[in-house]
1. At a cut-off of 10 Å², which residues of region B:39-66 become less accessible once all protein chains are present than in their chain alone, using a 1.4 Å probe?
2. Could you state, as a whole-number percent, how many of the C-alpha pairs of chain B are farther apart than 19 Å?
3. Given N residues in the protein assembly as shown, what is its alpha carbon radius of gyration divided by 2.2 N^0.38 Å?
4. What whole-number value in Å² describes the accessible area per residue of chain A for a 1.4 Å probe?
5. Taking the alpha-carbon distance from A:Lys70 and a cut-off under 18 Å, which lysines remain once sequence neighbours fewer than 8 residues away in the same chain are dropped?
6. If one takes the accessible area of chain B alone plus chain A alone and subtracts that of the pair, with a 1.4 Å probe, what total in Å², rounded to the nearest 100, results?
7. Assuming R0 = 30 Å, what is the FRET efficiency of A:Thr116 and B:Thr111, from their Cβ-Cβ distance, to the nearest 0.05?
8. Could you please state how large a percent of the accessible area of the protein assembly as shown is carbon and sulfur, counting protein chains only and using a 1.4 Å probe?
Amino acid sequence: DVKVTQSSRYLVKRTGEKVFLECVQDMDHENMFWYRQDPGLGLRLIYFSYDVKMKEKGDIPEGYSVSREKKERFSLILESASTNQTSMYLCASSSLKTRSGRYYNEQFFGPGTRLTVL
Amino acid sequence: AQKITQTQPGMFVQEKEAVTLDCTYDTSDPSYGLFWYKQPSSGEMIFLIYQGSYDQQNATEGRYSLNFQKARKSANLVISASQLGDSAMYFCAMRSNTGNQFYFGTGTSLTVIP
């Protein structure tokens with residue numbers, strides 16, 4: 001069974017703290033993504049990675065950085081947490097490969113981390 | 001620029017009835033994929049159905065079907081015979097086949113009434 005795991009379901013941090021959110025997938029997927037989800041705004045892409053040590057900015061990268069040292073692990077870092085980064089963070093992975101001859105490549109999501117910054 | 005629009009923030013449907021969730025998209029890419037995801041209150045995102053831009057037939061997966069109208073750039077999700085467990089947020093998403101990035105709509109909250 002395919003799986004994307006995230007290090008924490010709930011996290012509470014203080015303003016100014018450095019925060020690490022970890023994501024691990026066991027599907028040998030090339031692509032990994034970090035989103036934040038806020039009510040009424042849907043999912044907004046923070047960063048994604050299409051290979052080890054490769055990263056690209058999404059729509060809202062400010063205040064965040066990422067690290068991908070191994071194919072299965074993609075970390076999101078909040079260098080100095082602020083209250084406006086209180087949100088649900090979702091990690092996802094997808095494959096470049098086709099499936100049954102079709103160009104599927106749906107994303108598989110982790111359970112999410114609900115981060116509160118006080 | 002790629003964009004997904006879901007104009008229905010909330011929808012209600014009677015149990016056992018069918019419901020259509022709207023999704024329109026904007027892209028200049030000739031080849032792309034369209035996805036629908038379900039997010040129950042527990043938070044996990046569940047993949048429901050996929051439609052390729054060159055697929056001749058509308059996709060179907062059990063009680064889910066995708067009403068794909070390419071000229072109108074719409075990809076509406078139809079859920080037949082609604083069940084109480086269908087109550088959730090539903091997100092429409094698109095990915096260009098020339099890139100890796102997915103674009104999501106703002107979601108529709110569906111409530112199934114007994």
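1. B:Gln39, B:Ser42, B:Gly43, B:Glu44, B:Met45, B:Phe47, B:Tyr50, B:Asp55, B:Glu61
2. Pairs farther apart than 19 Å: 41 percent.
3. 1.01
4. 49 Å²
5. Answer for A:Lys70, where 18 Å is the Cα cut-off: A:Lys3, A:Lys53, A:Lys55, listed by chain and number.
6. Roughly 1900 Å² of accessible surface disappears when B and A pair.
7. 0.65
8. Whole-percent figure for carbon plus sulfur exposure: 50.
The values are calculated or read from the model by the stated rules, or taken from the named source; none is laboratory data. All figures in this text were calculated on a predicted structure; none of them were measured in a lab. Positions of Cβ are generated from backbone atoms using ideal geometry, with glycine treated the same way; all protein chains shown enter the neighbour counts. Only protein heavy atoms, including side chains, enter the accessible area calculation; ligands, DNA and RNA are left aside. Shrake-Rupley method; radii C 1.70, N 1.55, O 1.52, S 1.80 Å.
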